[in-house]
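The structure appears right after this line, and notes come after that.
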Amino acid sequence: MEVTASESQAAYDPNCYMCPGNLRASGDQNPAYRNVFAFDNDYPALLAATPPDKYSEGSLLVAKGEPGICRVLCFSPRHDLTLARMTVTDIQQVVEEWARQYEDLSAQPLINYVQIFENRGAMMGCSNPHPHCQIWATATIPDYPGVEQNSLSEYREKHGSCMLCDYQQTEHSLNQRIVCENNDFVALVPFWATWPFETLLLSKRHVADMVALNSRELAALADILKRLTVRYDNLFQTSFPYSMGFHQRPSDGPHPEWHFHAHFYPPLLRSASVRKFIVGYELLAAAQRDITAESAAARLRELAEVHYLDATS
Ligand SMILES: [Zn+2]
Ligand SMILES: [Zn+2]
Ligand SMILES: [Zn+2]
């Protein structure tokens, strides 16, 4: 078994800018927080004061300033944990804070879209193992949520129903790509998955954003996140790297067509160190699958929901 960095971390790192009580680059001192802690990113990629000025060179070169806000959310005061190693109760604190952050940022007049995402593991270029996510809130709807926005709108106009509700129903009746589920959420390997163990996490009820989730659904989201991330860690007995994030209603309108969901994009293919690279044909021509979505779902489904580091045998 390969020993990964996060398995040998200490619970507190005096040099970590996210650990409780430590100083950050801004000179601010983190409070002695006990569950979650959010702060404005000290090196933000977006600034609220950026003028939304347009630049163009004829019709060929067009650009626009993007005002926005970047925050960091620490999931736990413990430097050495990950979602997979946290309790469902503690994950629920994170889920509730995600909803609060979405509500707070989306209410700001400047903001029309809130992207919450977690980049986990050194393989994904994550520089600090402290469990955390980033929240980037922007004035415009970014490219991929924008594409989904158009698809959801067009489908609703054409069929009078929600594309992701219909898709979920199809997956349930086929029952080939579902990994795990509870009363309120389902995790599945999507039909169109490109990454070997890519998953899509869907709310069973048609809700547009996290604020619309009731308390039972917030708890169910924590439960499914724990079960899915434990399966991921168990797959190659490693602290599984991934990029994950939530797609939800842009805040420029009510958007009844939106269906709240999360994507997990993990790079690993065959072991804790053998990953997929999107290169060659896939970079130049089209995406290819290394293993089928059905076999990936079956492998994840068969794994235990007890973390391998907690297993007694
Ligand atoms: Zn830390
Ligand atoms: Zn729906
Ligand atoms: Zn999406």
- prompt: Using the alpha carbon gyration tensor of the chain, what are the three equivalent-ellipsoid semi-axes (square root of 5 times each eigenvalue), largest first, in whole Å?
  reply: 28, 27, 21
message: Treating only the Cα positions of the stretch 19-146 as identical point scatterers, give the base-10 log of I(q)/I(0) from the Debye formula at each q in 0.21 Å⁻¹.
response: -1.31
- request: Give the accessible surface of the stretch 134-235 per residue, rounded to a whole number of Å², with probe radius 1.4 Å and ligands, DNA and RNA excluded.
  value: 42 Å²
task: Would you please name the chymotrypsin sites (Phe, Trp or Tyr not before Pro) within the stretch 234-313 that are DSSP coil residues with at most 11 other C-beta atoms within 10 Å of their C-beta?
output: F277
message: Could you tell me the ratio Rg/Rh of the stretch 111-157? Both radii from Cα atoms, Rh via Kirkwood.
response: 1.14
Directionally averaged shadow of the stretch 86-186, computed from the convex hull of its alpha-carbon atoms, nm²: 9.4 nm²
query: So what is the calculated 222 nm ellipticity per residue for the chain, using -39500 (n - 2.57) for each DSSP H run with n of 4 or more, over all residues, to the nearest 500 deg cm²/dmol?
result: -8500 deg cm²/dmol
field: Under 15 Å, Cβ to Cβ, from K64 - net charge with Lys/Arg +1 and Asp/Glu -1
entry: -3
- prompt: In the stretch 210-236, which residues have a backbone nitrogen under 20 Å from the label point lying 7 Å from A304's Cα in the Cα-to-Cβ direction?
  reply: 224-236
Taking N as its residue count, the alpha carbon Rg of the stretch 156-313 over 2.2 N^0.38 Å: 1.09
field: Projected-area average for the stretch 222-313 over all orientations - Cα convex hull basis, square nanometres
entry: 8.7 nm²
Paired Rg and Dmax values of the stretch 142-249, which use every Cα atom, in angstrom: 14.5, 45
- prompt: Separation between the Q288 and N182 pseudo-spin-labels, each 7 Å from Cα along Cα→Cβ, expressed in nm?
  reply: 4.0 nm
message: Give me the percent of accessible area attributable to carbon and sulfur for the chain, probe 1.4 angstrom.
response: 53 percent
field: the stretch 96-135 - Rg over Rh from alpha carbon coordinates, Kirkwood radius
entry: 1.09
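The values are calculated or read from the model by the stated rules, or taken from the named source; none is laboratory data. All figures in this text were calculated on a predicted structure; none of them were measured in a lab. Note that we place each Cβ from the backbone using ideal geometry, even for glycine, and neighbour counts take in every protein chain shown. The area values use the complete protein model at the heavy-atom level, side chains included, leaving out ligands, DNA and RNA. Shrake-Rupley method; radii C 1.70, N 1.55, O 1.52, S 1.80 Å.
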